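*Asks:* Shown below is the structure under consideration.
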Amino acid sequence: MKTKFVILLALIVMIVPFCNAQLDVPNWRIGDYWEYSGSFNSEMENISIQAQLTDLRLEVSSTEISQVNGEILGTFRVPMDGVIIGTITGEMLNPLTNNTLAVDVGFTFSLTGILFFTTLNLSLVKYDITVNLDIDIPPALLEFLENNLLEPLDLFIPEQLIERASFSPPLSFMDFPVDINENWAFSSNITTSSEIVGEDRREEIPPQTSDIYFEAENVKTSGDAYYMTLSYIPFLSDIADLMEIELGNEWEWSVSKGMIQKIQGLQDSTEVLGIILTENYLYDSAREKNNPPVANFTYSPQDPKQINPLNFVDQSTDPDGTNDIMAWYWDFGDGKNATGTQTSHQYESSGIYDVKLFVIDKYGGVDTIQKTVTVSGDGNGGIPGFGIVLVFLAVALLIIRKSTRKSL
């Protein structure tokens, strides 16, 4: 079972923080949350898969500054957790005996993880998801799997799956601002690394990079909701290809709730996947727009030399309140960086350096400022450390002279 299949129902609602004749970026803030429920039902030859998604919760916990492909971006940190409970039932053919084997497997998948979205347009930057698996396999089926599949192929039944992924560029499903009847396409690269953990075994899957491409079209509106179709649903489309089924993908975004409120995966007009936003959410679409912070800093000494550590102190302000700034990121222009409201740094050589400070507030507002720092030489015209050598030689000569006088 692939990791993608396990985290399918949970991640699908998070990777698409979506989508007025024009829809602007939702005004997320720390403390906003959304809870989802849903179902997945599929028939594949003689096997039936049924699953229920319960208590899937996403909450904006903080804002952070992230470095993505050399670019500094403001991001929302969004923890998630949820539970998927389901069954796999039916029958399969035992090729060794030509007899049918009953399949009646129950499973519970508990998901926890963290996702990072850009504050600019809610594009997915990266995620880190852990899935704890509790799989109930009947003894006869388990014996068959062990003898004919697991042991010959050196496989094992996982108890935990871990997947980390990053997107380059960040995965943007919405081309904000979105207009009615607008169509667009987007592509990205996803790099994943995974771990599969069993009772006494752990297997790491090397990083893999693949392309993602999708088209969005037919954006329509009705009251508070925006409807659209996508040619690709993350994870679900991959599994659908493996199961050789074709899905039509329908999405519904709520302006008042600031998030996707319904996802449908359709096969021949029959719903295979359905995920809906429950009434348990916190978001205020009428809240005032955030005023971003204004970055600023001072440094001392003002005329630094190579031997001097420089002290950098944040002087940023925020129109919405002095305590609204959440994170600080310093770029010293020599490949080194730091975080915090104040820091010190010593350059290894003289030169002209562009120092940048990035700040982000708790509503996702970002600002940056750059100042040029000129670092001169160490102020000693001689060879560095030569003065110490001279002192040492002077002391040595003094000792030698005193010793010589005593011997006389």
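The values are calculated or read from the model by the stated rules, or taken from the named source; none is laboratory data. Since we're looking at a predicted model, the values are computed, not measured. Neighbour counts are summed over all protein chains in view; Cβ atoms, including those assigned to glycine, are modelled from backbone coordinates with ideal geometry.
*Asks:* Could you check region 255-275 and list, in sequence order, the residues that are more than 23 Å from the chain's Cα centre (by Cα) and either among the acidic types (D, E) or in a strand (DSSP E or B) (or both)?
*Replies:* Hits for region 255-275 are Q264, G265, L266, Q267, D268, T270, E271, V272, L273, G274.
*Asks:* Could you grab me the full set of residues in region 34-64 that are surrounded by 22 or more Cβ atoms within 10 Å (Cβ to Cβ) and not small (G, A, S)?
*Replies:* W34, Y36, F40, L53, L56, L58, V60, T63
*Asks:* F214: modelled with pLDDT under 85, touching a Leu at 6+ places or on another chain (Cβ under 6 Å) and either at positive phi or outside the structural domain of D179 (by TED's automatic domain parsing) (or both), yes or no?
*Replies:* Against the criterion (modelled with pLDDT under 85, touching a Leu at 6+ places or on another chain (Cβ under 6 Å) and either at positive phi or outside the structural domain of D179 (by TED's automatic domain parsing) (or both)), F214 does not qualify.
*Asks:* Could you tell me whether Y281 is surrounded by 14 or more Cβ atoms within 10 Å (Cβ to Cβ), closer than 30 Å to N41 by Cβ and either hydroxyl-bearing (S, T, Y) or out of contact with any Lys or Arg (no Cβ under 8 Å at 6 or more places or on another chain) (or both)?
*Replies:* Yes, satisfied.
*Asks:* Moving on. Test of understanding: among L145, L153, which residue is over 30 Å from L73 (Cα atoms), hydrophobic (A, V, I, L, M, F, W, C) and loosely packed, with under 15 Cβ neighbours inside 10 Å?
*Replies:* L153
*Asks:* Taking region 299-329 as the region of interest, how many residues are in contact with a Leu (Cβ under 6 Å, 6 or more places away or on another chain) and at pLDDT 95 or above?
*Replies:* The total comes to 1.
*Asks:* Yes or no: F76 under 30 Å from L357 (Cβ atoms), surrounded by 15 or more Cβ atoms within 10 Å (Cβ to Cβ) and aromatic (F, W, Y)?
*Replies:* In short, yes.
*Asks:* Moving on to the next point. Tell me, which strands (runs of 3 or more DSSP E) wholly within region 69-174 include 2 or more residues that are of a type in the set (V, I, T) and over 27 Å from G38 (Cα atoms)?
*Replies:* 71-94
*Asks:* Yes or no: Q302 over 26 Å from the mean Cα position of the chain (by Cα) and under 18 Å from T368 (Cα atoms)?
*Replies:* In short, no.
*Asks:* Of the conditions (1) among the small types (G, A, S); (2) surrounded by fewer than 14 Cβ atoms within 10 Å (Cβ to Cβ); (3) touching a helix residue (DSSP H, G or I) at 6+ places or on another chain (Cβ under 8 Å), G70 clears all except one; give me its number.
*Replies:* (3)
*Asks:* Continuing with this model, one more query. Here is a check on your reading of the model: is P319 in a loop (DSSP other than H, G, I, E, B) and within 27 Å of the chain's Cα centre (by Cα)?
*Replies:* no
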